[in-house]
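Below: one structure, written as structure tokens.
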Amino acid sequence: MTDVSQEEFNNRGDAESQSQQCRVHGASDPLRFSAAQRFIMQIEETTSGALYLGDGRCRFRIWAPRRRRVQVHVVSPRDQTVRLKDVGDGYFEAEVDDVHPGALYFYRLDMALERPDPASRLQPQGVHGPSEVVSADFAWGDQDWRARPLAEYILYELHVGTFTSEGTFDGVVPNLDRLVDLGITAVELMPVAAFAGMRDWGYDGVYPFAVQHNYGGPEGLKRLVNECHRRGLAVVLDVVYNHLGPEGNYLADYGPYFTRKYSTAWGEAINFDGPESREVRRFFIANALRWITEFHLDGLRLDAIHAIYDESAEHFLKELAIAMHQRAATLGRPAYVIAESNANIPRLTMTREEGGDGLDAQWNDDFHYALHARLTGERESHYRDFGAPGQITKALAEGFVLTGQFSNYKARNVGESSHRTPAERLLVFLQNHDQAGNRPGGERFGHLVDLERRKLAAAVLLLSPYVPLLFMGEEYDEPAPFLFFTDFADRGLNENVRRGRRAYFKDNDWRGKDFDPADPATFEKSRLSQRLRGEGQHALLLAWYRELVRLRKELPALRQLSKKQMEVVPLDHHEVLVMRRWSMGPLVEHEIAAVFNLSERERPVEFHLAAGRWIQQLNSAAKRWHGPEETGPAELTMDGTMRLRLSPWSAMLWERGKSE
């Protein structure tokens, strides 16, 4: 990116306003931020795809640097073929008359190959069929939407295809009020980019700009976002920029989108740093900008960024974050960039001013691993390095557990300390699509432990100072597994997937029946049973989650996400943890103490707290929550020492009362 003059910068708008936007997103230099504006303009000037201009005119633009001649073949409703003009830098374009939304087309390459549009907005007949011209117009009703700060996010990850019996965006909408009632503030959608067939997790997408047709296409996604915003729910979309799926992936016919310099576990790596990579980078950044601009999304979750390989002077992720934040400033609302990474690298979420990549947050798998291994006793696969109670202490107090130690699972040293990483930059969970779906039987956390441990785990998650994520159905202990499923037409590809899954399970010491990903029954087994929310133990757990979320939102000490305003004190060799959190004004204004028994034994404990009156807000072992205890004291007045007898696998929450 090139710098611009101060005069040019000032001419583009109010300098102080732009400086403020820079500071919000960690950029201290307004000139550099305005360079990002120019970069975005360059991206949008070259964005590929079919752009409907109105009045029956459509502009087709495509990047095909390896081709001498490119035509657009409109196959419906009126068959016509038009040659695109070579406009330089590998781009071809033309404006074509008598083309309206709904028209179907292919590109014809060098008078031979006919291929769908790499920047297709919709593939109504699947990944091998023609692309469809789509109008960007939509009657938005979210003008009053006020975006939330990331620290207020309570995320709910869902898979559109299995969340409801309809398996569509519109099918999700009737359930939004239930999420609001639970206290959820943000929905995270698993990937919706067009993939092969009708059933997939979404990580095999091959058209990054297209919205899966059987989910409801772009109109359906916009309706869902609109309805979420009406209810105060933010929407985050999972996007995949590390590889494309194996079926219907025609990008290599157009240009050098992929590289053999690197490899991923799922397919060819994206060419972010090789010859002609500039336009590849722009293609994916344009994709990110489209989601937050045209679809009004509030953020993106970047899948497996450790598989985004780039040795450029400025990494693709940095460039993406700058562009996203600049566009967010232009829109007047935040757009968060959240990374999934298993490398435990704090630099990802350090601001550019601090020498980091400038992403807003990243997933912390270690929180899940430490808690899961301790409560289930499992030591297979990713859990080989976990299980000691002291790891939960570290996960709560700092974030990452592996901070340079040798990993038996990865056979190398892993991670750096996240001690200085602000709490709102780390996203934590008990389970997600990966942790359930990459088991032979798709078992959820609730399938592996009893009710007491489920309640305890939920309390550790939702009382922690980090941004929490729930996986669909977790809150009421959904009995359906979440299995891995696909719908490839290629039988050889299906067999390769089966073999790969079995090899993965064997290498990771997983035992048990595995399900055929290509069998439609595997997909059907993964659908949620929403009707169970109001029945028996399911309803009880739902009420427990609802109460934890309510307290997280209402109690000032829990509402403020800060590792500096907390203390985690281990007792009995880390088998009991006391987590103090407080909110600050001139003095400590509010204080809580959460007590977790991470063992199967009843434990008498005593520990120091401020003298005075302490009110019991929650006790997972109480009869109200189907626990083994009678209702204990509603409050205690102490001289500075609290004495408790803790039931096995239990959680308690105490709030310091105001002085009389």
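The values are calculated or read from the model by the stated rules, or taken from the named source; none is laboratory data. Keep in mind it's a predicted model, so treat the numbers as computed, not measured. No Cβ is skipped: glycine too gets one built from the backbone with ideal geometry, and neighbour counts run over all protein chains shown. In case anyone asks, the SASA skips ligands and DNA or RNA and just uses the protein heavy atoms, side chains included. Shrake-Rupley method; radii C 1.70, N 1.55, O 1.52, S 1.80 Å.
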**OP:** Please list the equivalent ellipsoid semi-axes of region 87-184, computed as the square roots of five times the alpha-carbon gyration tensor eigenvalues, in descending order and whole angstrom.
**Re:** 38, 18, 15
Subject >> As computed over region 212-355, the Cα convex hull volume per residue (Å³) >> reply: 138
Subject >> Apportionment of accessible area to carbon and sulfur, the chain, percent (1.4 Å) >> reply: 47
Subject >> Euclidean distance between Cα centres, region 251-298 to region 326-405, Å >> reply: 25
Subject >> region 418-461: translational diffusion in µm²/s, Stokes-Einstein, Kirkwood Rh over Cα pairs, 4 °C, 1.567 mPa s >> reply: 106
Subject >> Viscosity 1.306 mPa s, 10 °C: Kirkwood-radius Stokes-Einstein D of region 165-219 over Cα pairs, µm²/s >> reply: 129
Original post:
Roughly how many debye, to the nearest 20, is the charge dipole of region 335-434 about its Cα centre, given +1 on each Lys and Arg Cβ, -1 on each Asp and Glu Cβ, and no other charges?
Top reply: 300
**OP:** Compute the accessible area per residue over the chain, keeping the other protein chains in place, probe 1.4 Å, unit Å².
**Re:** 39
Original post:
Looking at region 563-609, which trypsin sites (Lys or Arg not before Pro) are DSSP coil and have at most 16 other C-beta atoms within 10 Å of their C-beta?
Top reply: 564, 601
Original post:
Expressed as an acute angle from 0 to 90° and rounded to the nearest 10, what is the orientation of the C-alpha long axis of helix 217-230 relative to the principal long axis of the chain?
Top reply: 40
Original post:
Quick one: Debye curve from the C-alpha atoms of region 300-341, no solvent, what's log10 I(q)/I(0) at q = 0.14, 0.17, 0.31 Å⁻¹?
Top reply: -0.35, -0.50, -1.07
Original post:
Any idea of residue 98's accessible area? Nearest 10 Å², probe 1.4 Å.
Top reply: 80
Original post:
Separation of region 639-660 and region 70-116 by C-alpha centroid, Å?
Top reply: 70
Original post:
Which Cα, out of 523, 512, 479, lies furthest along the positive dipole direction of region 438-541 (beta carbon charges, K/R +1, D/E -1)?
Top reply: 512
Subject >> Cα-centre dipole for region 490-529 with unit charges at Cβ (Lys and Arg positive, Asp and Glu negative), debye to 20 >> reply: 100
Subject >> Qualifying GluC sites (Glu not before Pro) for region 281-319 [loop in DSSP, other Cβ within 10 Å: at most 10] >> reply: 311
Original post:
To the nearest 500 deg cm²/dmol, what mean residue ellipticity at 222 nm is calculated for the chain from DSSP H runs of n ≥ 4 alone, each contributing -39,500 (n - 2.57), summed and divided by the residues?
Top reply: -8000 deg cm²/dmol
Original post:
Where the centroid of each part is defined by its Cα atoms, how far is region 522-558 from region 454-472 in Å?
Top reply: 11
**OP:** Sum up the charges of everything whose Cβ sits under 13 Å from the Cβ of residue 290, counting Lys and Arg as +1 and Asp and Glu as -1, but leave residue 290 out.
**Re:** +2
**OP:** State the percent of C-alpha pairs, over all pairs in region 430-489, separated by a distance greater than 12 angstrom.
**Re:** 68
**OP:** Can you tell me what the convex hull of the Cα atoms of the chain projects to on average, as an area in nm²?
**Re:** 30.3
Original post:
Which of the trypsin sites (Lys or Arg not before Pro) found in region 383-433 are loop residues per DSSP with 16 or fewer other Cβ atoms within 10 Å of their Cβ?
Top reply: 410, 420
Original post:
In region 377-516, how does Rg compare with the Kirkwood Rh, expressed as the Rg/Rh ratio over alpha carbon atoms?
Top reply: 1.00
Subject >> Computed Rg/Rh of region 111-268, alpha carbon atoms with Kirkwood Rh >> reply: 1.01
Original post:
Dipole of region 281-370 (Lys/Arg Cβ +1, Asp/Glu Cβ -1, origin at the Cα centre): which of 332, 346, 364 lies farthest to the positive side?
Top reply: 332
